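Enquirer: Provided herewith is a single structure, encoded as structure tokens, for subsequent inquiry.
The values are calculated or read from the model by the stated rules, or taken from the named source; none is laboratory data. As the structure is a prediction and not an experimental result, all values here were calculated from the model. Positions of Cβ are generated from backbone atoms using ideal geometry, with glycine treated the same way; all protein chains shown enter the neighbour counts. Side chains included, ligands, DNA and RNA excluded: accessible areas come from the protein's heavy atoms. Shrake-Rupley method; radii C 1.70, N 1.55, O 1.52, S 1.80 Å.
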Amino acid sequence: MSFLLLHGWQNRRPPEHWQHWLAGELTALGHDVDYPQLPDPDHPKLDDWMAELRTRVAAMPGSSRTVLCHSLGCLLWLNAVARGAVPVQVDRVLLVAPPSPSVTLSHPEIAGFAHPPVTPAQLAAASRHTRLVGTDNDPYFPEDIREVYGSLNIPIDVLPGAAHLNMDSGYGPWPSILTWSQASDDIPLERRPS
């Protein structure tokens, strides 16, 4: 199995973040893991990040490929899907806590990533299965995530009280995401234990 983890805005892959923890756990289990630092995380440029995504996805080894995105990394993936820029179909994608359209557009540094129109057919061409995880109190997604993404016809897990699913909300080690990553079936994600 191979994994690509795509981080968000202003993220420098801190060890306390669940993505860093997950990369270590999956590597220790013998999986191929790529957790790149995307260019200029404070002032990201969509085309630069998209070039990195294309290169990284094309290089994923093996026949089982999974992409896990957090925050702005989710919008990077969706932009690549909308533009037909995913070079090979992957098996699974997990979109974790994307920022909402209103929040994205309110920050000039990331407005270029604003939610592209994506169809279920485009998602299926890029990944055999896509799942979304959000929360009911994400400060970066004040709208109802099910309403905004419902037209994509993908499973959506809403975790109560988990904010932006980052370090500030206690999401370092997250056993449910490790279980999901290795599962042969698609399973809902759960909050991390208190």
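Enquirer: How much length, in nm to one decimal, is gained on full extension between Ser63 and Leu105, taken as 0.36 nm per residue of separation minus their Cα-Cα distance?
Expert: Working: separation 42, 0.36 × 42 = 15.12 nm, distance 3.70 nm.
Separation in residues times 0.36 nm, less the Cα-Cα distance, equals 11.4 nm.
Enquirer: Given Cβ point charges of +1 (Lys, Arg) and -1 (Asp, Glu) and nothing else, what value in debye, to the nearest 20, does the dipole of the stretch 18-141 about its Cα centre take?
Expert: 480 debye
Enquirer: Among Trp77, Ala124, Ser106, which residue has its Cα furthest toward the positive end of the charge dipole of the chain, with +1 on Lys/Arg Cβ and -1 on Asp/Glu Cβ?
Expert: In the chain, that residue is Ala124.
Enquirer: Follow-up question, since we're still on this one. Leaving out ligands, DNA and RNA, and with a 1.4 Å probe, what % of the accessible surface on the stretch 151-194 is carbon or sulfur? Mind dumping the intermediate values first?
Expert: Working: 1100 of 2190 Å².
Result for the stretch 151-194: 50 percent of the exposed heavy-atom area is carbon or sulfur.
Enquirer: I would also like to ask the following. Show me the ranking of peptides 96-107, 55-66 by mean Cβ neighbours inside 10 Å, starting with the highest. The partial results should precede the final answer.
Expert: On the way: 96-107: 19.7, 55-66: 15.3.
Per-residue mean Cβ counts within 10 Å order the peptides as 96-107, 55-66.
Enquirer: With every protein chain kept in place and ligands, DNA and RNA left out, what is the accessible area per residue of the chain? Probe 1.4 Å, answer in Å². Please list the in-between numbers first.
Expert: Details: 8290 Å² over 194 residues.
With all protein chains present, the chain gives 43 Å² per residue.
Enquirer: Heavy atoms of the protein only, probe of 1.4 Å, neighbouring chains included. What is the accessible area of Tyr149 in Å², nearest 10?
Expert: Probe radius 1.4 Å; accessible area of Tyr149 about 10 Å².
Enquirer: Now for a separate question. Could you check how much of the accessible area of the stretch 22-137 is carbon and sulfur, as a whole percent, using a 1.4 Å probe?
Expert: Numbers: 2360 of 4450 Å².
Solvent-exposed carbon and sulfur of the stretch 22-137 make up 53 percent of the total.
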